[in-house]
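First up is the structure itself, then whatever we jot down about it.
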Amino acid sequence: MRHEKAALVLELARRMAASAEGLTLDEMAQALGVGRRTAERMRDAVREVFPQMEEIDDPPTRRFRIPAGLDGLFQAPTADELAALRAALANFRRTGASSRAEDLARLELKILSALRASARRRLAPDLEAVLQAEALAVYPGPRPFENETLLGVLREAIKALRRVRFRYLGGATPGRVREVTPLGLLFGRSNYLVAAEGDAAQPRTWRLDRIEGIALTDTPGLAVPDFSLQAFVDRSFGIYQDAVEHVRLRIRPHGAEEALGWRFHSTQTLAPQADGGVIVEFSASGMLELAWHLFTWGDKVEILAPARLKTLMAEQLALAAASLAAAPSIEC
């Protein structure tokens, strides 16, 4: 068996060992980017190497798994994998994501402690070389708020579908006590809880740094039918949720190359134009955040729709101009 095929077979074995319910042949083919017939041959090769592989009836198909996991001999990480983990850990620490940084630090410790001493010595030079040769660019922005106790309570509530009670220092009535059903967590420039308040089925966002005195209650949470955190996120350009509007932008020719490689929104379509420009279209809420973003495009972008986005851009420009005009001049 060629090296590439052996690597794919081992990758398939790892996926079978990592899945509690097992994989179908179609899932194997999709995961490894091969055809169904190739997936069948690879499954048979896995069975030869790992006779403990189980076959489970799941009409109208079958699933395959390795229930006891794989021996550590087959699980040693590469220097590139450890470097990626270390880079993610360093990025979390640098940006203030302390809780997730500690989670990754514990994961790294578990991985390294499971390695044989000879494997650690073999990896050390390559890992050091990769770490010295790569760095993460740091962008200005707020340091995300992460409190391990707060996140622990929220995660427990999400897993148990129970409500939490806290005093919220933001919103229209700061300091009011809220009782909500946590549905998910959003991590980004600022961190948010997505939750439904009381018996309301419409989720909304709550900034984590404005939550105080959180407690897990015994009250069952409100099940929001068909709720998808990803779908909730996709409704907005950023974090803020309001009316969804259809956005149409024209990127002028001198910004077209950048736009063709840019992700404005998950629903976007890009249409190159005869003059060299690009028409970008998507549907989202959060026009104010979009207006802030469009400032970074300078004269490369023209707003075609909606009209409210044009108005917001004009208002933000006027605010910036007024602030600049009011600032005292400094002579050098």
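Assorted remarks:
- Of the residues making up region 221-235, at least one is in the same structural domain as residue 205 (by TED's automatic domain parsing) and at pLDDT 90 or above.
- Enumeration of residues in region 274-300 that are over 19 Å from residue 321 (Cβ atoms) and either in contact (Cβ under 8 Å) with a residue 60 or more places away in the chain or touching a helix residue (DSSP H, G or I) at 6+ places or on another chain (Cβ under 8 Å) (or both): 275, 276, 277, 278, 280, 284, 287, 290, 300
- The C-beta contact set for region 184-204 (first residue closer than 17 Å to residue 168 by Cα, second residue among the acidic types (Asp, Glu) and modelled with pLDDT of 80 or more, distance under 8 angstrom, 6+ apart or interchain) comprises 190/209; 191/209; 197/179; 198/179; 204/197.
- Selection count, region 144-189, where residues are of a type in the set (A, V, I, L, M), surrounded by 13 or more Cβ atoms within 10 Å (Cβ to Cβ) and part of a loop (DSSP other than H, G, I, E, B): 2
- When 298, 286 are checked against the criterion of being more than 24 Å from residue 230 (Cα to Cα) and either in the same structural domain as residue 202 (by TED's automatic domain parsing) or among the small types (Gly, Ala, Ser) (or both), 298 stands alone in meeting it.
- Among the residues of region 214-244, those identified as outside any loop (DSSP other than H, G, I, E, B) and either closer than 22 Å to residue 187 by Cβ or touching a Gly at 6+ places or on another chain (Cβ under 9 Å) (or both) are 214, 216, 229, 230, 231, 232, 233, 234, 236.
- Total residues in region 111-142 satisfying the condition of being among the aliphatic types (A, V, I, L, M), modelled with pLDDT of 75 or more and under 19 Å from residue 90 (Cβ atoms): the figure is 6.
- Restricted to region 282-310, and to residues there that are among the β-branched types (Val, Ile, Thr) and under 28 Å from the mean Cα position of the chain (by Cα), the residue that is surrounded by the fewest Cβ atoms within 10 Å (Cβ to Cβ) is 296.
- Looking only at residues in region 56-95 that are assigned to a loop (DSSP other than H, G, I, E, B) and surrounded by 15 or more Cβ atoms within 10 Å (Cβ to Cβ), the one that is modelled with the highest pLDDT is 66.
The values are calculated or read from the model by the stated rules, or taken from the named source; none is laboratory data. Only a predicted model underlies this, so the values are computations on that prediction, with no experimental measurement involved. Ideal geometry is used to build each Cβ from the backbone, glycine not excepted, and the neighbour counts take in all protein chains shown.
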